[in-house]
Every structure is written in structure tokens, then in C-alpha cells.
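Enquirer: Submitted below is the structure of interest, expressed as C-alpha cells.
The values are calculated or read from the model by the stated rules, or taken from the named source; none is laboratory data. Not measured: the values here are computed from a predicted model. Every residue, glycine as well, gets a Cβ built from its backbone with ideal geometry; the counts of neighbours run over all protein chains shown. The area values use the complete protein model at the heavy-atom level, side chains included, leaving out ligands, DNA and RNA. Shrake-Rupley method; radii C 1.70, N 1.55, O 1.52, S 1.80 Å.
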Amino acid sequence: MSANEIILDVKDLQTSFKTDTGEVRAVDGVSFQLPKGKTIGIVGESGSGKSITSLSILRLLASNGTIKNGEVLYKGQDLLKFSEAQMRKLRGNEISMIFQEPMTSLNPVYTVGQQISEALILHQNMSKKEAAVRSVELLKLVGIPSPDKRVKNYPFELSGGMRQRVMIAMSLACNPEILIADEPTTALDVTIQAQILELIKDLQERLGMSVIFITHDLGVVAETCDYVAVMYAGQVVEYADVRTLFKEPKLPYTIGLLNSLPRHDIEQDKLEPIQGNVPSPHNMPVGCRFAPRCPAATDLCRAKMPKLETDENGNQIRCWIYSEEWDGESEVNLYGETRIAKGRGTKTVLPD
Amino acid sequence: MAKQELLKVEGLKQYFPIKGGLLGRTTNHVKAVDDISFTIYEGETVSIVGESGCGKSTTGRAILRLEEPTEGVVEFKGVNLAGLSKREMRKYRKDMQIIFQDPYASINPRQTVASVLNEAMEIQKVLPANKRRARIEELLETVGLLPYQADRFPHEFSGGQRQRIGIARALSVNPELIICDEAVSALDVSIQAQVLNLLEDLQQEYNLTYLFISHDLGVVRHISDRIIVMYLGKIMEIADKESLFENPKHPYTKALLSAIPVPDPDKKKERIVLKGDVPSPINPPTGCRFHTRCPFATEKCVTDVPELRTTAGMKENHQAACHYIEEIASGEMQPNY
């Protein structure tokens, strides 16, 4: 990875939930690094563990969830070793979060001004009056018209887009170092989504935040992120800079995902969908988790889980095709595209 | 190719009353759909797109009389559906089916798949009882499920599979028109592509006509022949797929298209970011409904309702409801952001 300062370094994170039917590993081996001032996108389909990853970072898991393993290094300190009191100081202050549903994540019985003030009074030792003034400034910052009036509104008096702006204002109240945005625009219409994405980008430039952007929308990722981690069945399966990921995806799953996306900007003949369904978390495949759906899967893929390997550019991939041990064809056809395998047919043997 | 009209909608209005006051009198109306007209021809796929509250789903429901339309004519093969009694209407429901958005909410959780499909065939008298079981198994295979799954309950299926059951139910009565109301919106991308491909294959096989209601312009571009863009209960633009995506004329259509993120980091495009929110359909703006957010709006737009029209440089059957199509195209009018 480049010389950029790494503000958040997640290493081999594993999170499990106890359920009636047994333990479920929702996150099982997630690693990524967030360079300061950059945006990393975490993409995946439902059940891939992307939201649980973000909740694990802030340790906001439900009572039946536990972090089994891993490190979350924020400025070199492991958040998983912090006390609850230390975490409280951090949340909403240095690391803050925006959620998908602005309707359910705001408190309906307090005005938006009161809700923004809460963080300011708690973390910045402001008086009520100072906090009220700052709340109006923040609402103005996120582009809410007549903020001095809106500050006295209750959430139900605002539209969906406005509520999401309020959420963003709340999360920015203490000038956080890291903003975690969990599907912040999924519940919004496209014209409103465009407004919110523009706002987040603009604020990031002005305030120098680092952003973790969690979404299932590949279009949003392409437009907002610098780096992308693709998740599948609880694992990071491909990590690359945004250009490489969209232009030269390597992983069969990523290629399949991109090729099954209907696009409005180009004409496509027939979509090339990924066959089958996401595996049940109760019954994960022993080998590669994508093997049952993968058009290139071999016996090796079905038998043994590949590791997340890093290449010379710092991009990462969890796939046997690009390893020395590959036992399939040297040219692999994936959803109409060809990829050259590393093992067979090539002589390159890289030192360990 | 002689195109056969299958469905003709004329002057359709759907107003929902708002009750209020001490006596519970109707105080106002939500004008969900306000005077729209369009035609669907046999074997084609027409899509209605728009943001939430534009009236696209209401249109679909009004066509099937799931909600009685306030005004207007809906002709199916030349018969005005609005004039039929409930009993007569039931016969036509066989020819017009709907697939809903939520695959979890639209199937009775206490019925097995077989009984869901059987019920539809029984009510519409499609097949005698002794032949239905074979047909059910055949239907399941058609939509990509396995015959032995017929005796399972909905909770045993994933979201994508449940949507396939919804499609099988619609197909069970041999319909001609299927209204797909956000039928793939709740599905993950990889599953969505499977279902879209299935819908396309079925259309070819059974010569189906689709009215596809969606907010996702990517999906719409993929599946449609013609597209209707709605905003606040009105049609803004109506065109064949190519014209709409390559040569959009209405400022709203342009803004909508530019707002969608493209999964290609090299495409830096000019984005038109619309100001403000969609106004309330209770008191929609006068004149052109889009004038409150339109970067080209003038005083005329505030007072005069624009009609759908075709100008030079537009294909036949491509219509847009804007006073200034020519001026915007020639560059005479510049946007005012």
C-alpha cells in the first residue's frame, strides 16, 4: 500500500451471533485499511456481513453478538481492547455513523435541534445555548433551507431527504475523523440520492474526513469511493482501488456481479446472472464460499478455503485461480470474460 | 408489423379523498394520478418510471381495478373495464395478472406453493381438478423451481425463489398482460438478473405483454420497448427506449438520467442536481408540475399546463410535456441553477 497514513486498520475481524439454531459467523475474516482522507466502499449483497462489519468497528452489536477475533486499529490503538467508557467517548465524536433509515434512527419525540445538541454537549462540553447555535450552523452546512426554523422541527415534519441531512449534521457535529455511512441513500429517490452523495463528498473535502461507505449499489461505489472491498458470505473476497475493481475485476464473483447489473447508460443484450443463491450462514461451504455458484470452481475450490492474498499493487483477492496451486485450465472463462490463471501454464514462481 | 392494441388508458384519474374535520367530511384529495393516457400493444413491454409518489403503482392498480379509478377509460381488447360489473371483471382478471414488489408479503404464508397455484386455477376454472397437479409441477419447472418443491411453504424459499412463485401464480391462469409492480426491486443484483432473464424468456415463449413499473432506470432500459416517465401523477415524457435514453427531451427526464450513479469510475458526467423535494400531491404545483424544481422554468410554466407533444428532432411516438422543448434543444434557453 502507498505511503498514505492509515487511519483505520481492520485485521481478520470475526463476529458471531448466537441464534436458536446455533452460532452464526456473520463476519468471518474481514481485513481492510482506510487511508486518511479517503473513502473506502464495502459492497456486497444482503447477508454478506457488510453492516455487521461496521457495527463491529464501533462495537454496537446486539447482545447476542460477539467479536471473536481480530483487531480494529484506530490510529494504532485496538478499539476491541477499549473499555465501554472509552468507546462512548469515541462514538459520535471521533468515529460517527449514518444509518440507512433516517426515519427510524432519529428520535421522534425530540426536535432535531435537541438531537444534534446532545452530541455537542456530551463530547464538546458546550452549554445548551452554544450547542443550539452550533446546531443551526450544522443544519446550514448540510444544506437545509431556513435552518433557524428547521432546528425546532420534529423528524416527522421533515421529508426523507431532509431527515438524512439531519442525520449527517448529527454525525458531523464533533468533526469526526471517520464517518461510517451505512447505506445512507438506499431509502431515497435518485434525485435526492444525488443531492446527498454530493453533500457527503463536498463535506469530506472541506473537513478532511475519512469515509467508510457501505452499500449494495455498485454505481454509488464507482462514483464515491477510492478503494473498494467486495464482501461475500462474511468475508472480504476482493479489495482494490476503484478503477482496477471496475475495469479489471479478477474475482469470479465480482465479474458476475458487474455483469448481472442492468445499466441505464449502455445497451446490453442479455444479462449474465450468477446462478444459485447465497449460502446459508448455518451451512457454509467448506472450501471457497462462492464455489457452489462459481462457473470455474474445481475440486480444490470445493475442498479448501482460499486465503486473501495481496499482489504487488496492494490489491487483494481471495481466489484459487490466481494462486500457484490452481488445478484448472490456464484460461478461465467467467461470465463471458477471460482471465489468465496464475498456476498452470505460467512459469512464474514468486518467492514466499 | 401490424401492432394490435391490447390495453388503452384514456384520461385516467385516481384521486384519494382526505377525510378531516369534526364530521369526517372529505376536505381534500391526493391527486395520485391526474389525467394520463397511453396505449400498450400486444407482445411489448412498456415501463412506467418515476420517483416515489409519482403515481406509477397507482396506475397499475387502477388498470386492474384493485382500486376503482376516479375517472377515465381503461380498454382491454376494446372492452371498457371501468364499465364492467365485479362479476364480469373477474373474467378479465384471468387475462391480466400482477406481480408485486414484496415476495414476502404477497404470498399467504400458511398455504403450500401447490395450493397457492391451485387456488388461482380453481377460481379462474383454467383446468379440471385432476389435471392441475401436473400443471403445477410444469409451472414450477417453467419458473426455474423443482417439482418436488410444490408442497413446501413460502418460508422455505429465499426471496428470489418466492418471486418466482409469484411469477408462477401469475402464469397459472394463462394471462396475456402481466403488470410487474417493482417486481425485482427487493432482490439482490445477482438474483434480480436471474428473474429479469426469466421474465424475458417467458415473454418470448408465451407472447406475454408486460407493464413494468419500476424506479430503477437500469432495469427499465434492459427490459422495455417503450417507457413512460411520470412525475406527480402526470406523464412527463413517453418514448421508445432508444429515444428516451439517447435523446431525452424533458428537463425532468434529463435530470433523472443524470442522477443515477454509473458503475464506471472513468465516466465523469455532468450531473444535474435538482433542488428541493418532490412537492405534495395534495396541492400539486399549478401549470407544469415540475416547475418548482425545473432549471428552465418561466412564468408560463407556473400558469399553463404543458401538453404532451412531438417536435422536430423527435421520433414519431416520442412525446414530452414541456413548453420549451425547441428552445432548450437549440440552446436558446439556458438552465438556471
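Enquirer: Going through segment A:281-295 one residue at a time, which ones are crowded, with 20+ Cβ neighbours inside 10 Å, away from chain B (no Cβ under 11 Å) and under 21 Å from A:T338 (Cα atoms)?
Expert: Passing the criteria: A:C288, A:A291, A:C294.
Enquirer: Tell me which of these A:K307 doesn't satisfy, since it passes every other one: (1) away from every other protein chain (no Cβ under 14 Å); (2) open to solvent by 100 Å² or more (accessible area, probe 1.4 Å); (3) more than 24 Å from the chain's Cα centre (by Cα).
Expert: A:K307 satisfies all of (1) away from every other protein chain (no Cβ under 14 Å); (2) open to solvent by 100 Å² or more (accessible area, probe 1.4 Å); (3) more than 24 Å from the chain's Cα centre (by Cα) except (3).
Enquirer: While we're on this one: For segment A:184-193, which positions are in contact with a Ser or Thr (Cβ under 6 Å, 6 or more places away or on another chain) and either more than 13 Å from every other protein chain (Cβ to nearest Cβ) or part of a helix (DSSP H, G or I) (or both)?
Expert: Here is the first cut: in segment A:184-193, the ones in contact with a Ser or Thr (Cβ under 6 Å, 6 or more places away or on another chain) are A:189, A:193.
Once the filter is applied, which keeps residues that are in contact with a Ser or Thr (Cβ under 6 Å, 6 or more places away or on another chain) and either more than 13 Å from every other protein chain (Cβ to nearest Cβ) or part of a helix (DSSP H, G or I) (or both), segment A:184-193 yields only A:Q193.
Enquirer: Still on this structure, I have one more. Has segment A:304-320 got at least one residue that is farther than 30 Å from A:L34 by Cα, assigned by TED's automatic domain parsing to the domain that holds A:L257 and of a type in the set (A, V, I, L, M)? Before you say what the answer is, go through the steps one by one.
Expert: Within segment A:304-320, the first condition is being farther than 30 Å from A:L34 by Cα, and the residues that meet it are none.
Scanning segment A:304-320 turns up no residue that is farther than 30 Å from A:L34 by Cα, assigned by TED's automatic domain parsing to the domain that holds A:L257 and of a type in the set (A, V, I, L, M).
Enquirer: Okay, next question. So B:N108 passes all but one of these: (1) over 24 Å from B:M89 (Cβ atoms); (2) in a loop (DSSP other than H, G, I, E, B). Which condition number does it fail?
Expert: Failed condition: (1).
Enquirer: Tell me, which residue of segment B:224-259 that is of a type in the set (K, R) and farther than 20 Å from B:S52 by Cβ is surrounded by the fewest Cβ atoms within 10 Å (Cβ to Cβ)?
Expert: Selected residue: B:K241.
Enquirer: Is it fair to say A:M167 is open to solvent by less than 70 Å² (accessible area, probe 1.4 Å) and assigned to a loop (DSSP other than H, G, I, E, B)?
Expert: Details: open to solvent by less than 70 Å² (accessible area, probe 1.4 Å): yes; assigned to a loop (DSSP other than H, G, I, E, B): no.
No: the conditions fail for A:M167.
Enquirer: A further question follows. Yes or no: B:V278 within 14 Å of chain A (Cβ to nearest Cβ), modelled with pLDDT of 95 or more and crowded, with 16+ Cβ neighbours inside 10 Å?
Expert: Values: within 14 Å of chain A (Cβ to nearest Cβ): yes; modelled with pLDDT of 95 or more: no; crowded, with 16+ Cβ neighbours inside 10 Å: yes.
So B:V278 does not fit the description; no.
Enquirer: Let me ask something additional. Quick one: how many residues across segment B:162-202 are within 10 Å of another protein chain (Cβ to nearest Cβ) and open to solvent by less than 10 Å² (accessible area, probe 1.4 Å)?
Expert: Looking only at that region, the number is 5.
Enquirer: Name the residues in segment A:170-190 that are among the polar types (S, T, N, Q) and surrounded by fewer than 20 Cβ atoms within 10 Å (Cβ to Cβ), would you? Full working, then the answer.
Expert: To start, the set of residues in segment A:170-190 that are among the polar types (S, T, N, Q) comprises A:171, A:175, A:185-186.
A:N175, A:T186 - these are the residues of segment A:170-190 that are among the polar types (S, T, N, Q) and surrounded by fewer than 20 Cβ atoms within 10 Å (Cβ to Cβ).
Enquirer: Scanning for something in contact with a Leu (Cβ under 8 Å, 6 or more places away or on another chain) and either surrounded by fewer than 19 Cβ atoms within 10 Å (Cβ to Cβ) or closer than 30 Å to A:G287 by Cα (or both), does segment A:102-112 turn up at least one residue? Write out each step before concluding.
Expert: Taking segment A:102-112 and keeping what is in contact with a Leu (Cβ under 8 Å, 6 or more places away or on another chain), we get A:112.
Remaining after also requiring either surrounded by fewer than 19 Cβ atoms within 10 Å (Cβ to Cβ) or closer than 30 Å to A:G287 by Cα (or both): none.
Within segment A:102-112, not a single residue is in contact with a Leu (Cβ under 8 Å, 6 or more places away or on another chain) and either surrounded by fewer than 19 Cβ atoms within 10 Å (Cβ to Cβ) or closer than 30 Å to A:G287 by Cα (or both).
Enquirer: Shifting gears a bit: Take segment B:31-44 and flag every residue that is open to solvent by 40 Å² or more (accessible area, probe 1.4 Å) and assigned to a strand (DSSP E or B).
Expert: Residues of segment B:31-44 that are open to solvent by 40 Å² or more (accessible area, probe 1.4 Å), as a first pass: B:31, B:35, B:37, B:41-42.
Correct list: B:K31, B:D35, B:S37, B:Y41.
Enquirer: Condition (residue is assigned to a helix (DSSP H, G or I) and either open to solvent by less than 10 Å² (accessible area, probe 1.4 Å) or hydrophobic (A, V, I, L, M, F, W, C) (or both)) applied to segment B:203-215: is it met by at least one residue?
Expert: So in segment B:203-215, the residues assigned to a helix (DSSP H, G or I) come out as B:203-206.
If we keep only those that are either open to solvent by less than 10 Å² (accessible area, probe 1.4 Å) or hydrophobic (A, V, I, L, M, F, W, C) (or both) too, we end up with none.
So far as segment B:203-215 goes, no, none of its residues is assigned to a helix (DSSP H, G or I) and either open to solvent by less than 10 Å² (accessible area, probe 1.4 Å) or hydrophobic (A, V, I, L, M, F, W, C) (or both).
Enquirer: Filter segment B:201-219 down to the residues that are under 16 Å from the mean Cα position of the chain (by Cα) and not polar (S, T, N, Q) and list them by number. Walk me through how you get there before you give the answer.
Expert: We begin by selecting, within segment B:201-219, every residue under 16 Å from the mean Cα position of the chain (by Cα); these are B:208-219.
If the condition is that a residue be under 16 Å from the mean Cα position of the chain (by Cα) and not polar (S, T, N, Q), then B:L208, B:Y210, B:L211, B:F212, B:I213, B:H215, B:D216, B:L217, B:G218, B:V219 are the ones that fit.
Enquirer: Residue check: is B:S214 at pLDDT below 95, within 11 Å of chain A (Cβ to nearest Cβ) and touching a strand residue (DSSP E or B) at 6+ places or on another chain (Cβ under 9 Å)? Explain how you work it out, then say what you get.
Expert: Working: at pLDDT below 95: yes; within 11 Å of chain A (Cβ to nearest Cβ): yes; touching a strand residue (DSSP E or B) at 6+ places or on another chain (Cβ under 9 Å): yes.
Criteria met by B:S214.
Enquirer: Residue check: is B:D240 at pLDDT 95 or above and either out of contact with any Cys (no Cβ under 7 Å at 6 or more places or on another chain) or more than 14 Å from chain A (Cβ to nearest Cβ) (or both)?
Expert: Working: at pLDDT 95 or above: yes; either out of contact with any Cys (no Cβ under 7 Å at 6 or more places or on another chain) or more than 14 Å from chain A (Cβ to nearest Cβ) (or both): yes.
Here the answer is yes, as B:D240 does meet what is asked.
Enquirer: Testing B:N283 on (1) open to solvent by 10 Å² or more (accessible area, probe 1.4 Å); (2) within 11 Å of chain A (Cβ to nearest Cβ), one condition comes back false. Which one is that?
Expert: In the conditions (1) open to solvent by 10 Å² or more (accessible area, probe 1.4 Å); (2) within 11 Å of chain A (Cβ to nearest Cβ), B:N283 misses (2) alone.
Enquirer: Another one. Exactly one of (1) surrounded by fewer than 22 Cβ atoms within 10 Å (Cβ to Cβ); (2) within 27 Å of A:L188 (Cβ to Cβ) is unmet by A:E23. Its number?
Expert: If we test A:E23 against (1) surrounded by fewer than 22 Cβ atoms within 10 Å (Cβ to Cβ); (2) within 27 Å of A:L188 (Cβ to Cβ), just (2) comes out false.
Enquirer: Quick one: in segment A:129-160, which of the residues that are in a helix (DSSP H, G or I), farther than 18 Å from A:S171 by Cα and not hydrophobic (A, V, I, L, M, F, W, C) is most open to solvent (accessible area, probe 1.4 Å)? Walk me through it before giving the result.
Expert: The first filter runs over segment A:129-160 and keeps only residues in a helix (DSSP H, G or I), leaving A:129-141, A:147-150, A:155-157, A:160.
Filter again for farther than 18 Å from A:S171 by Cα, leaving A:129, A:148-149, A:156-157.
From what's left, not hydrophobic (A, V, I, L, M, F, W, C): A:129, A:148-149, A:157.
Details: A:K129: 168, A:D148: 88, A:K149: 142, A:E157: 85 Å².
Taking the candidates together, the pick is A:K129.
Enquirer: Only residues that are in a strand (DSSP E or B) and either closer than 23 Å to B:C288 by Cα or of a type in the set (D, E) (or both): list them for segment B:45-80, please.
Expert: Step one: filter segment B:45-80 for residues in a strand (DSSP E or B), giving B:45-49, B:71-76, B:79-80.
B:S47, B:I48, B:V49, B:E71, B:G72, B:E75 - these are the residues of segment B:45-80 that are in a strand (DSSP E or B) and either closer than 23 Å to B:C288 by Cα or of a type in the set (D, E) (or both).
Enquirer: Any residue at all in segment A:293-312 that's in a loop (DSSP other than H, G, I, E, B), under 30 Å from B:V143 (Cα atoms) and of a type in the set (D, E, K, R)? Lay out the reasoning, then the answer.
Expert: Going residue by residue through segment A:293-312, those that are in a loop (DSSP other than H, G, I, E, B) are A:294-298, A:304-308, A:311-312.
Restricting the remaining residues to those that are under 30 Å from B:V143 (Cα atoms) gives A:294-298.
Checking which are of a type in the set (D, E, K, R) leaves us with none.
Scanning segment A:293-312 turns up no residue that is in a loop (DSSP other than H, G, I, E, B), under 30 Å from B:V143 (Cα atoms) and of a type in the set (D, E, K, R).
Enquirer: Check A:V142, A:V133 and return the single one that is farther than 24 Å from A:G41 by Cα and either of a type in the set (A, V, I, L, M) or touching a Lys or Arg at 6+ places or on another chain (Cβ under 6 Å) (or both).
Expert: On the way: A:V142 fails: farther than 24 Å from A:G41 by Cα.
After applying the criteria, what remains is A:V133.
Enquirer: State all residues of segment B:57-89 that are within 16 Å of the chain's Cα centre (by Cα) and open to solvent by 70 Å² or more (accessible area, probe 1.4 Å); if no residue qualifies, say none.
Expert: Hits for segment B:57-89 are B:R61, B:L66.
Enquirer: Hey, among B:R221, B:R271, which residue is within 14 Å of chain A (Cβ to nearest Cβ) and buried (at least 23 other Cβ atoms within 10 Å of the Cβ)?
Expert: From the options B:R221, B:R271, the qualifying one is B:R221.
Enquirer: Select from segment B:291-335 the residues that are part of a helix (DSSP H, G or I) and of a type in the set (A, V, I, L, M) and write down the one among them that is surrounded by the most Cβ atoms within 10 Å (Cβ to Cβ).
Expert: Residues of segment B:291-335 that are part of a helix (DSSP H, G or I), as a first pass: B:299-303, B:325-330.
In the following step, the residues that additionally are of a type in the set (A, V, I, L, M) were identified as B:302, B:325, B:328-329.
Numbers: B:V302: 13, B:I325: 22, B:I328: 20, B:A329: 15.
Top of the filtered list is B:I325.
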